[in-house]
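Report on the structure given below.
The values are calculated or read from the model by the stated rules, or taken from the named source; none is laboratory data. This is a predicted model, so every value here is computed, not measured. Cβ: placed from backbone, ideal geometry, glycine included. Neighbour counts: every protein chain shown.
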Amino acid sequence: MDLSYTPEEETFRLELRSHLERSVPRDEPPEDLDAEFEWMCAFQRRMHEGGWVGIHWPRAYGGRDATPMQQAIFAEEMARVRAPQFPNRVGINNVGPTLMHFGTEEQRRRFMPGILSADEIWCQLYSEPGAGSDLAALRTRAELDGDDWVVSGQKVWTSYAQHARWAILLARTDPDARKHRGISYFIVDMRSPGIEIRPLRQLTGASEFNEVFLDNVRVPRSNLIGKPNEGWQLTQVTLAHERGTNYAIKEQVLMRIEVDELVEEARRRGATADPRTRQRLAQLFLETEIMRFMNLQMLTRLGQGITPGAETSIVKTFFADLSQAIGDAGTALLGPHAQLVRGSRHAVAGGRFVLHQMFSRAASIAGGTNEIQKNIIAQRMLGLPRD
Ligand SMILES: Cc1cc2nc3c(=O)[nH]c(=O)nc-3n(C[C@H](O)[C@H](O)[C@H](O)COP(=O)(O)OP(=O)(O)OC[C@H]3O[C@@H](n4cnc5c(N)ncnc54)[C@H](O)[C@@H]3O)c2cc1C
């Protein structure tokens, strides 16, 4: 494992840093959710002006052909300055790579530029009330009628559907085929007649995700990606790109910042006099460092051209458990006021720790639950029987 950076990588980091200094908002995010979304879009646009959105995309489509190491540096620097996340992350991480693999040239030229500039926001219509971990059980149907597919069904947990102009959608196009076989992959105009979006209120008070109802929604034939009934194959590519290694790197840096702040806050409040508190803080620090080493190991493999396999499931479960442990420690160690949210005059650290605690519950669900990751580890790494 070589942990040093090349001169080109150092230059890359400095250029990025200087663009970030000019682009990261100096003000707090607005309380109003629509205004907060626009605040994030404005940040993405400023980053795009410098060519710093979708850096892993090919240059021909507005990216930088960034190497795994450059992507890691990008994730580190974004976390270091606590940059807001890009609101079009479904477009950047999921749609772009899927179109690169399976889209037509016409689809790429039409849809890819608007993703980077945040002019067209995307959402992902995959999960359904009866199809989450077992996604291939999905029941939304699409039937061909002339030059259109007609789609009906219900989706759920759709992040940013209320802001999205376009969606990628999975629907069953051959009900008689085996469940993984009869699925197709579509691009859907979220302004089409027959789409109803109902926001879901989360524990944090925000409504990032939604239920989406589709009632005879017409989707032109030209908006099918790949071939009919072969959507499952495309889905595997989309999901492989959904998070990527850079996600774990960014999260590790953020968790390290949070542990440092927690230690500082606990020290200021005299909580570190308790040996159990010291043990708990030391354990969190230690696990955050373990995650850094896991990421470095993953990066080394990527640098050697090895595609990560089931070991990403170890990183994912480790990250989810650690993120929740940090959130729980924040409210447990800093006294009752640590449970107050932003806006309260007595909130500790602006209510950041309790917000983290609430949001961290999603870490063991989104992108494949902990139980599913453990099934993958058991089957693929330990050779144990399928569940
Ligand atoms: C923050 C967030 C954002 C999301 N955004 C989107 C989005 O934009 N678009 C989208 O389509 N979806 C989105 N999702 C949905 C997400 O993909 C699903 O929540 C996830 O796949 C789990 O599915 P489920 O919620 O239906 O749970 P289920 O699959 O019903 O699981 C329920 C419980 O059963 C366990 N379980 C299920 N099967 C097994 C098994 N075989 N062995 C052992 N245990 C099992 C699970 O681990 C879980 O604890 C989002 C979720 C979150 C939390």
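Side notes on the structure shown:
- Inside segment 190-210, residues that are more than 11 Å from the ligand (Cβ to nearest atom), within 22 Å of the chain's Cα centre (by Cα) and not hydrophobic (A, V, I, L, M, F, W, C) make up a count of 5.
- Among residues that are within 12 Å of the ligand (Cβ to nearest atom) and at negative phi, Glu128 is included.
- Given (1) surrounded by 19 or more Cβ atoms within 10 Å (Cβ to Cβ); (2) closer than 26 Å to Arg361 by Cα; (3) in contact with a Lys or Arg (Cβ under 9 Å, 6 or more places away or on another chain), number of the condition Leu214 does not satisfy: (2)
- Any pair with Cβ under 7 angstrom, 6 or more apart, that starts in segment 343-371 at a residue that is touching a residue at least 60 places away in the same chain (Cβ under 8 Å) and ends at one that is in a loop (DSSP other than H, G, I, E, B) and within 16 Å of the ligand (Cβ to nearest atom): Leu355/Thr204; Met358/Leu203; Met358/Thr204; Phe359/Thr204; Arg361/Leu203; Gly367/Arg243; Thr369/Ser133
- With respect to the conditions (1) assigned to a loop (DSSP other than H, G, I, E, B); (2) within 15 Å of the chain's Cα centre (by Cα); (3) away from the ligand (no atom under 16 Å from the Cβ), Ala79 lacks only one, and its number is (1).
- So Gln71, is it at pLDDT below 95, polar (S, T, N, Q), buried (at least 17 other Cβ atoms within 10 Å of the Cβ) and closer than 25 Å to Glu258 by Cα: yes
- Residue check for Gly383: modelled with pLDDT of 95 or more and either more than 11 Å from the ligand (Cβ to nearest atom) or of a type in the set (Val, Ile, Thr) (or both): yes
- Answer from Ala60, Ala66, Ala75 - the residue that is within 27 Å of Phe209 (Cα to Cα) and hydrophobic (A, V, I, L, M, F, W, C): Ala75
- Of all residues in segment 9-51, those satisfying the criterion of being among the small types (Gly, Ala, Ser) and free of Cβ contacts under 8 Å to residues at least 24 places away in the same chain are Ser18, Ala35, Ala42, Gly51.
- A count restricted to segment 141-180 and to residues that are away from the ligand (no atom under 11 Å from the Cβ) and among the β-branched types (Val, Ile, Thr) stands at 3.
- Selected residue (only one of Arg267, Arg256 is free of Cβ contacts under 8 Å to residues at least 40 places away in the same chain, surrounded by 15 or more Cβ atoms within 10 Å (Cβ to Cβ) and farther than 30 Å from Ala136 by Cα): Arg256
- Some residue of segment 40-61 being in contact with a His (Cβ under 8 Å, 6 or more places away or on another chain) and not in a helix (DSSP H, G or I): yes
- Considered as a group, the residues in segment 270-293 that are of a type in the set (Asp, Glu) and assigned to a helix (DSSP H, G or I) include one that is surrounded by the fewest Cβ atoms within 10 Å (Cβ to Cβ), and that residue is Glu289.
- Ala329 being crowded, with 21+ Cβ neighbours inside 10 Å, over 22 Å from Gln379 (Cα atoms) and out of contact with any Gly (no Cβ under 7 Å at 6 or more places or on another chain): yes
- Qualifying residue in segment 313-333 (condition: aliphatic (A, V, I, L, M), under 22 Å from Leu239 (Cα atoms) and more than 16 Å from the ligand (Cβ to nearest atom)): yes
- Only residues that are within 16 Å of the ligand (Cβ to nearest atom), closer than 21 Å to Ala266 by Cα and among the hydrophobic types (A, V, I, L, M, F, W, C) were counted in segment 334-372, giving 2.
- Entry remark, segment 74-92: residues being surrounded by fewer than 22 Cβ atoms within 10 Å (Cβ to Cβ) and either farther than 17 Å from Gly367 by Cβ or in contact with a His (Cβ under 8 Å, 6 or more places away or on another chain) (or both) number 8 in total.
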